[in-house]
1. Students often check this: by mean Cβ neighbours within 10 Å, which of 225-232, 111-118 ranks highest, and how do the rest follow?
2. Given a Förster distance of 25 angstrom, what is the FRET efficiency for Arg25 paired with Tyr207, based on the Cβ-Cβ distance and rounded to 0.05?
3. Could you check the simple spin-label distance between Trp91 and Asp114, using points 7 Å along Cα→Cβ, in nm with one decimal?
4. Just grab the label-to-label distance for His244 and Thr164, each label 7 Å out from Cα along the Cβ direction, in nm (one decimal).
5. Could you derive backbone 3J(HN,Hα) for the range 220-231 from the dihedral phi with the Karplus parameters 6.51, -1.76 and 1.60 (θ = phi - 60°), listing whole Hz in sequence and x where the residue is Gly or Pro?
6. Show me 259-272, 183-196 ranked by packing, highest mean number of other Cβ atoms within 10 Å first.
Amino acid sequence: MATPSAEPEQAPAATPAPAPSSPRRPELPLWTGNGLPDGKWERHGNALHDYFDDRPTWRLKPDQAAQQPPVHPQPAAAPTRAEAPSDAGLWAGVDEVREAWQEHVPADPSTAEDAWQAILRELRTLDQALQAAGGSPAGPARPAAAAEPAHPTDPEKAAGAVNTALDTVDQHAAAGLRDSPEWQQLQTIRGAARNLWDTLKGRAGEYWHSFREDVRFETFWKTVSIRACEKIAEIAISAADRIHRSTAGDLPTADALLALSNTSLAYSTTARESVAPAL
């Protein structure tokens, strides 16, 4: 009697390969303040001392300790509020930025104008992107967003919160959102701001750190950052509204967009209210 043949073993089901993750986008280079405390102080070594009783009150970060020149307070000077954006928009402080550029970044006369024109082209691109982007006005939400205790109260942490929210939106964005005009506007603004920053940094070369710390550039980049975040907040609200109106709304993505709007508005409020020391 023939022995029945054993059934062939079934191969284990293949595990589906994980979907490739999209590369992380570069951070939005927002103004984060100059990292120095408010009020009157005097530097001794790597620490800042209270001007009135000489107590050490602030220890500089390693990069600040290496780059900051000695600071001597002037009795008549008071902490100065970094200028809020004016009606002239991104172009309000361009002349002052160019003066700072000429002081900090020595260049061959034959190439200096080319470098500055390259910077202006990137600035013009960003300005056009901000003006062309639509979105729902998000201004009325600013006081509520700023009052939430979970939001940072200093520019560096607020900027970090914006970039974290942008990363979250990138991770949640489905095909429907990526095809929307709001997504295209958001990426255009992010890319234009990053390109402007990279062009300034690249053209400044070894003089970048001293130029970046100039109060004229800081005021200008603060304006750029506030304008960009206010527009990002509007776009994010508009994109969330689009998702909520959809019959197959992606609620996690809508929530991520609302969080982006809140953190962007919180950054704008924090940056506007931030006071830098008079140097």
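1. Highest-to-lowest ranking by the protection proxy: 225-232, 111-118.
2. 0.35
3. 2.6
4. Placing both labels 7 Å beyond Cα along the Cβ direction yields 2.4 nm.
5. 5, 6, 4, 4, 4, 5, 5, 4, 5, 5, 5, 6
6. Working: 259-272: 25.4, 183-196: 19.6.
Taking the mean over residues of other Cβ atoms within 10 Å, the ranking is 259-272, 183-196.
Every number in this text was worked out from the coordinates using simple rules, so none of it is lab data. Bear in mind the structure is a predicted one, so any value in this text is a computation, not a measurement. As a convention, Cβ positions derive from the backbone with ideal geometry for all residues, glycine included, and neighbour counts pool all protein chains shown.
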